[in-house]
Amino acid sequence: MRTSKTFSIQFWMDTKKSKNGEGLIYARINVDQKRLSISLKRKLAMEQWDFKTKKHQGTSRTAKEFNRYLDLSKS
């Protein structure tokens, strides 16, 4: 009998609960088709979030620090 285990981590912005154009960033963890969303307690302006790459847009210092935080959270 073969078993298959799955694991993935994705980041997303909750636009439904946004206030003043800022949305909360969440980490969604999937393990064996079970899903858990965890708030990273970070807010970001919606125009700065890249919905395709799931990261902060740009190359500014704050963008690099924010993306580094996402990478550390993922690891």
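Read-outs: derived from the displayed coordinates by stated rules, not from any lab. Being a predicted model, the structure only gives us computed values, none of them experimental. Don't worry about glycine lacking a Cβ; one is built from the backbone with ideal geometry, like all the others, and counts go over all protein chains shown.
Hey, got the dipole for the chain? About the Cα centre, +1 on K and R Cβ, -1 on D and E Cβ, debye to the nearest 20? It would help to have the intermediate numbers written out before the result.
Details: 18 positive and 7 negative charges, 43 e Å.
Charge dipole, the chain, about its Cα centre: 200 debye, nearest 20.
Take the Cβ-Cβ distance between Lys5 and Ser73 as r, set R0 to 22 Å, and report the resulting FRET efficiency rounded to the nearest 0.05.
The calculated FRET efficiency here is 0.55.
Provide, for segment 7-73, the number of lysine pairs with alpha carbons under 18 Å apart, each pair being eight or more places apart or on different chains.
Close lysine pairs found across segment 7-73: 19.
Principal axis extents for the chain, Cα atoms only, whole Å, descending order, please.
Result for the chain: principal-axis Cα extents of 51, 26, 20 Å.
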